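Take a look at the structure set out below.
The values are calculated or read from the model by the stated rules, or taken from the named source; none is laboratory data. Since this is a predicted model, take the numbers as computed values, not measurements. Cβ sites come from the backbone with ideal geometry, for glycine too, and all protein chains shown count toward neighbours.
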Amino acid sequence: MASYETLLVIKFSEMSQKINLNDLCIDKSDRPGWSKVFGGLCAEAASVCLEKQGHINSSTLHIDGDYSHKFEISWSEVTDEMHRFQNDDQVAIEFGAYGISALIIPKLTNLTIIERSKKGTGFDFWLGSIDDPAPLFQKKARLEVSGIGNGTEKDIKSRVNTKLKQITPSDGSLPGYVSIVEFSAPCSRVVKKCKK
Amino acid sequence: MQEVIELHNEAMDLASQAMLLNMQGEASRAIYLTREAFYKERQAALMIANDYDMEPTRSVLYRSAAALALECMEIREAERLISSALSGDPPDEIANELRDLLEQVYFQRHLSLRGVSLDSHEFQVSLTGEVVGFGIAQSDEFVERVKDIETMVYRVAERKLGKPFRERGQRSKKLRDEMELYLSVPRASSFAVTFRVGGNQLSIPSIGLAEEVIDDIFEGLRLFNDADLDALQKRIPQEAYFRNFVGLSRKIAPDGKKIKTVGLTTIRNSKESTLVIHTPQSNSLQIIEKTELPTLAVGEYIEIIGILKFADSRNPRNGLIQVVTDDRDTYKVRVPEGMMSDIVRPMFEDRVIITGYLQKDGSINLNEIKREESD
């Protein structure tokens, strides 16, 4: 017979929570690592990527990896101007993945994006508790995000492995999460790093 | 600390706005904002320069400032910031990322000509990676790319001269004389060599065929890099030439490990023009891998691995090869025009990975062929 804890986990994973990409464009005190400009850019990119894969206005986003969950994700109408603006697929996929990860990670981990830093041509994000006054980047978990427009299970697995391989497990590794967002399903694989 | 946080947040907002402007095509304003972001992030990093215990804050701020410096081509400043970060005690993960960034800094230096002068009919190719040392490179990786670049030069020249795709036979003597490829002594940077197209240039019929060929190669590789195959196909409307260009580009591109970066530099309008070809891990090459080249894309898409045993190019529009798998199954593979001579034939008797479309008669219409990496 399943324990209460197991039943609760099953029930939580079967529930479908609602998220809206427009939330990224609103200043929220519990999302200090985002500006409205950045949020708007990510929301728009995610909407365009989802529509390019044939999803119109809403879809079910499946989460797997170290979490099992699903979200009803919705967004406003995508205009021609937005399509024109987001015409670089690679950039749109990257920013769209940032946006979706920013919405789902707090719901999965109870941690929110507190800070971000520049990494290569993109960003990485730092997760923490809003009440924790630790200095910049300290006592925070790192969130690395990557996006795939239309990929197979093999593509997602390979992207997760690439992200994890970049870190040689050692005492110096930072705790954190990898989030790979795939837009055709759509789905996201969220994996904890440094499970020690 | 509050001032550091405020400077950092302002820098990140500016960097976001710069990205937005870049997407709107306003490159010069984007660079201006990136530079502003860099100044603020550097200021934030320098404020905790001596707080060596404050990790990962110190190293992350330095890394972030260095990434911004690299974006606005402040190469020396990026190098200085990375060195300062590494001189502290960053976590292993951040230290590795700083070293990766330093490799990019050095590669930018290698792309730059540093006193080497190039004529308009010359270009420089630089390589970095595990098999590339200071002025030395594994011969296979280097020689194959030289051959592929040479082939690309001749193919582009033949296309520019309006010749039909030559599936068999030698290059014409006249073209060989006009477009002959010369190679300089490698320079000890990453591993950089100069290619000269057309020797002494005395016999080139019209001004700048060599320049035209070099420009065409740069533009084609740029489109390949961006995975913009529609634009590339508009530029190369002849199917055989298009297939050939994509096949050769795939071979020249870095594998991501043995060769991490392949960069090209030329001089146009007295300025250096550079191009860094992406690794296969990048999104763009994954898009290209999945893009159906104009083959007969009908039937189930399959992948087989085996020894390339037989190549018959008697039918120029549809050559035939045979691949024998480890289970001793033999597959007939139809090779579309443009691929047999430059892409497939050099792999004869090698172990290859074939992807393509399985036909009712059991043969495969080839989409892509590559050598299998041996352990």
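The residues of the stretch B:1-12 that are within 7 Å of chain A (Cβ to nearest Cβ) and aliphatic (A, V, I, L, M), listed by number, are B:M1, B:V4, B:I5, B:M12. Within the stretch B:13-36, the set of residues being closer than 18 Å to B:A66 by Cβ and more than 8 Å from chain A (Cβ to nearest Cβ) comprises B:L14, B:A18, B:I31, B:L33, B:T34, B:R35, B:E36.
The lone criterion from (1) farther than 21 Å from B:E71 by Cβ; (2) touching a Phe, Trp or Tyr at 6+ places or on another chain (Cβ under 6 Å) left unmet by A:F137 is number (1). Are any residues in the stretch B:332-375 under 20 Å from the mean Cα position of the chain (by Cα) and over 25 Å from B:V156 (Cβ atoms), and if so, which ones? B:E372, B:E373, listed by residue number. One residue alone among B:I259, B:I288, B:I236 is within 13 Å of chain A (Cβ to nearest Cβ) and either at pLDDT 85 or above or buried (at least 19 other Cβ atoms within 10 Å of the Cβ) (or both), and that residue is B:I288. Taking the residues in the stretch A:113-164 that are crowded, with 19+ Cβ neighbours inside 10 Å and in a loop (DSSP other than H, G, I, E, B) as candidates, determine which candidate is modelled with the highest pLDDT. Among those that are crowded, with 19+ Cβ neighbours inside 10 Å and in a loop (DSSP other than H, G, I, E, B), it is A:G149. Only residues that are more than 11 Å from chain A (Cβ to nearest Cβ), buried (at least 19 other Cβ atoms within 10 Å of the Cβ) and of a type in the set (V, I, T) were counted across the stretch B:50-78, and they come to 0.
Of the numbered criteria (1) away from every other protein chain (no Cβ under 12 Å); (2) touching a helix residue (DSSP H, G or I) at 6+ places or on another chain (Cβ under 9 Å); (3) surrounded by fewer than 19 Cβ atoms within 10 Å (Cβ to Cβ), the one B:M47 fails is (1). Among the residues of the stretch B:239-256, the one identified as surrounded by fewer than 18 Cβ atoms within 10 Å (Cβ to Cβ) and in a helix (DSSP H, G or I) is B:E239. Residues that are in a helix (DSSP H, G or I), among the β-branched types (V, I, T) and closer than 21 Å to A:W126 by Cα within the stretch A:34-65 comprise just one, A:V37.
Highlighted here are the helices (runs of 4 or more DSSP H) found entirely within the stretch B:1-101 that include at least 3 residues which are charged (D, E, K, R), within 22 Å of A:K36 (Cα to Cα) and not assigned by TED's automatic domain parsing to the domain that holds B:T274: B:2-23, B:27-47.
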